[in-house]
Amino acid sequence: MAHAIVPAPASVRPADGTTFALRETTAIVTADSPEVRRVGEYLAAALRPATGYGLPVTDAGPTQGAISLQLTDDAALGDEGYTLRVTSDDVTLTARRAKGLFRGVQSLRQLLPGAVESTEHQPGPWRIPGGTITDQPRFGWRGASLDVARHFFGVADVKRYIDALALYKINVLHLHLTDDQGWRVAIRSWPELTNRGGASQVGGGKGGYYTQEQYAEIVGYARDRYMTIVPEIDVPGHTNAALASYPELNCDGKAREPYTGMGVGFSSLCVDKPITYEFLDQVLGELAALTPGPYLHIGGDEVEKLTPAQYGEFVTRVVKIVESHGKRAIGWQEITGATLTPGTVVQYWQHQHAAAEIVSRAKKSGAKFVLSPGNKTYLDMKYDALTRLGLDWAGHIEVRDAYDWEPASLLDGVGESDVAGVEAPLWTETLESFDDVAFMAFPRLPAVAELGWSPRATHDWVTFRRRLALQAPRWEAMSLNYYRSPQVPWPN
Ligand code: TNX
């Protein structure tokens, strides 16, 4: 299997027996555009350490013998599509936008031996199989989320996760920034949120938070990889960290104690107090100003302390606050209990709940779905009974479970055009290190990434697991922890 790319490209035409070999003298030639040149530099930086080659990036040299990155006006490729042509003489990557070239570069990386990801010099040879790939995504939202509230993960860890996600053409990173156990992004008008609310985590460790500069650094790092950050401020529940930081946010005016357990559903903002809405306006306003992406995630899940009417009114108001700051709202499926505006996105997660009402209410308001079914996409679920990390409320999720489902027929009444995309959440109640995160995400994250990117016609477990198996040498070269599922024919 020469073209072992994940997610599967829309079309691969191999030229059997033909290969292009990277050499000492290979150049990367780009279109005369600063953005395209940056993609060329990204490719060169990815390949230099292991190959030891100079791989000069130039916008002038001959394309003969080179890897060339060019722009085309072929509208059929869309914004993220690309064509990758490999002959024995040269490699030509074309797209309408730099973004498409960036996605194509990920395919190119995967056509090289996995050892190319090593940060140390490797022997090679560095052959790329010949042929033509034409590719573009099925869905525009191919997300992963990371809970930095239950356990805090610093900027370096988030960047590492972004790099691993980019390889699988993920284009949304949803950061769960606040929860009962911690508030992880500094808000200048409410400094105690992080001073007090950011100072612990599940199990009682010291927690942490991002300064606004650090948050901006994450946003910029993601943007350089054509990935949108969607920040989540989870309200009205999951708010103990805020309630512990400011007594005035509580209905009884008394600050709560910091929480370091793993329970859910016990906290709520005080929906009757005007200060609650001033608070939200200022928090969401600061976050909107720091976030170039179009969405703010308002959570809305698992509220046990409010009546349905109180909840509905509250969420309706918060959606308006988000829009007053020029953003669109996304929330967990429970937000269908509010009056939503068109352009709002509903994130489906709880497969045990009757979906019919959620679907009809979302569709009535013109909202689209991001699909994160708990029993398929929750990367924090154990793989099987023996998995040391993770939870099991949605069941065990082996690699095949994460892969074998179809987004356009998951929910009755929700077809292809109602689906914005898919997202794989990673909750971190039981995860303390980057190695823990990677172990739960790999290899299931690539399975969900493929459902988001690849056309339905390519869906096939037997070929998927073979392509997936060939990612392992790459993960080893990247020192990326992963679960050696018995369902996957790993190469060694
Ligand atoms: C449910 S998913 C939650 C999270 C937990 C997760 C653990 C969702 C909207 N809420 O608060 O961390 O389960 O799997």
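The values are calculated or read from the model by the stated rules, or taken from the named source; none is laboratory data. Owing to the predicted nature of the structure, the values given are computational and were not obtained by experimental measurement. So basically every Cβ, Gly included, is an ideal-geometry build from the backbone, and we count neighbours across all protein chains shown.
Some observations on this one:
- Flag for residue 393 being within 15 Å of the ligand (Cβ to nearest atom) and surrounded by fewer than 18 Cβ atoms within 10 Å (Cβ to Cβ): yes
- Segment 431-463 - residue that is within 16 Å of the ligand (Cβ to nearest atom) and in contact (Cβ under 8 Å) with a residue 60 or more places away in the chain and, of those, farthest from the chain's Cα centre (by Cα): 432
- Qualifying residue in segment 300-309 (condition: within 16 Å of the ligand (Cβ to nearest atom), on the phi > 0 side of the Ramachandran plot and of a type outside the set (Phe, Trp, Tyr)): yes
- Selected residue (criterion: nearest to residue 390 (Cα to Cα)) from residues of segment 427-439 that are in a helix (DSSP H, G or I) and either in contact with a His (Cβ under 7 Å, 6 or more places away or on another chain) or among the charged types (D, E, K, R) (or both): 436
- On the stretch given as segment 137-149, residues that are surrounded by 23 or more Cβ atoms within 10 Å (Cβ to Cβ) and charged (D, E, K, R) total 2.
- From the options 326, 366, residue that is at positive phi and at pLDDT below 95: 366
- Of 352, 347, all but one fail to be within 20 Å of residue 412 (Cα to Cα) and either basic (Lys, Arg) or at pLDDT 95 or above (or both); the exception is 347.
- Residue list for segment 203-213, filter: over 17 Å from residue 234 (Cα atoms) and either surrounded by 17 or more Cβ atoms within 10 Å (Cβ to Cβ) or among the basic types (Lys, Arg) (or both): 206, 207, 208
- Residue 41 meets all of the listed conditions (1) under 22 Å from residue 88 (Cα atoms); (2) touching a strand residue (DSSP E or B) at 6+ places or on another chain (Cβ under 9 Å); (3) surrounded by fewer than 17 Cβ atoms within 10 Å (Cβ to Cβ); (4) not basic (Lys, Arg) but one, namely (1).
- Residue list for segment 308-333, restricted to those being closer than 21 Å to residue 348 by Cα, surrounded by fewer than 21 Cβ atoms within 10 Å (Cβ to Cβ) and among the hydroxyl-bearing types (Ser, Thr, Tyr): 316
- Some residue of segment 63-71 being farther than 30 Å from residue 465 by Cβ, assigned to a loop (DSSP other than H, G, I, E, B) and either touching a strand residue (DSSP E or B) at 6+ places or on another chain (Cβ under 6 Å) or in contact (Cβ under 8 Å) with a residue 60 or more places away in the chain (or both): yes
- Of all residues in segment 150-199, those satisfying the criterion of being part of a strand (DSSP E or B) and β-branched (Val, Ile, Thr) are 172, 178, 185.
- Selection within segment 372-388 - buried (at least 20 other Cβ atoms within 10 Å of the Cβ) and away from the ligand (no atom under 11 Å from the Cβ): 376, 383
- The combined condition, being away from the ligand (no atom under 16 Å from the Cβ) and under 16 Å from the mean Cα position of the chain (by Cα), is not fulfilled by residue 369.
- Qualifying residue in segment 340-348 (condition: within 16 Å of the ligand (Cβ to nearest atom) and small (Gly, Ala, Ser)): no
- Listing of helices (runs of 4 or more DSSP H) fully contained in segment 296-398 that carry 1 or more residues being closer than 17 Å to residue 232 by Cα: 308-324
- Of all residues in segment 366-380, those that are among the polar types (S, T, N, Q) have Cβ atoms under 6 Å from Cβ atoms of residues that are assigned to a helix (DSSP H, G or I) and crowded, with 20+ Cβ neighbours inside 10 Å, 6 or more apart or on another chain, in 377/448.
- Residue within segment 34-45 that is in contact (Cβ under 8 Å) with a residue 60 or more places away in the chain and in a strand (DSSP E or B) present: no
- When segment 75-125 is limited to residues that are of a type in the set (Ser, Thr, Tyr) and part of a loop (DSSP other than H, G, I, E, B), the one that is farthest from the chain's Cα centre (by Cα) turns out to be 88.
- Answer from 222, 288, 244, 216 - the residue that is under 25 Å from residue 158 (Cα atoms), touching a Gly at 6+ places or on another chain (Cβ under 8 Å) and not in a loop (DSSP other than H, G, I, E, B): 288
- Filter pass, residue 319 being of a type in the set (Val, Ile, Thr) and within 16 Å of the ligand (Cβ to nearest atom): no
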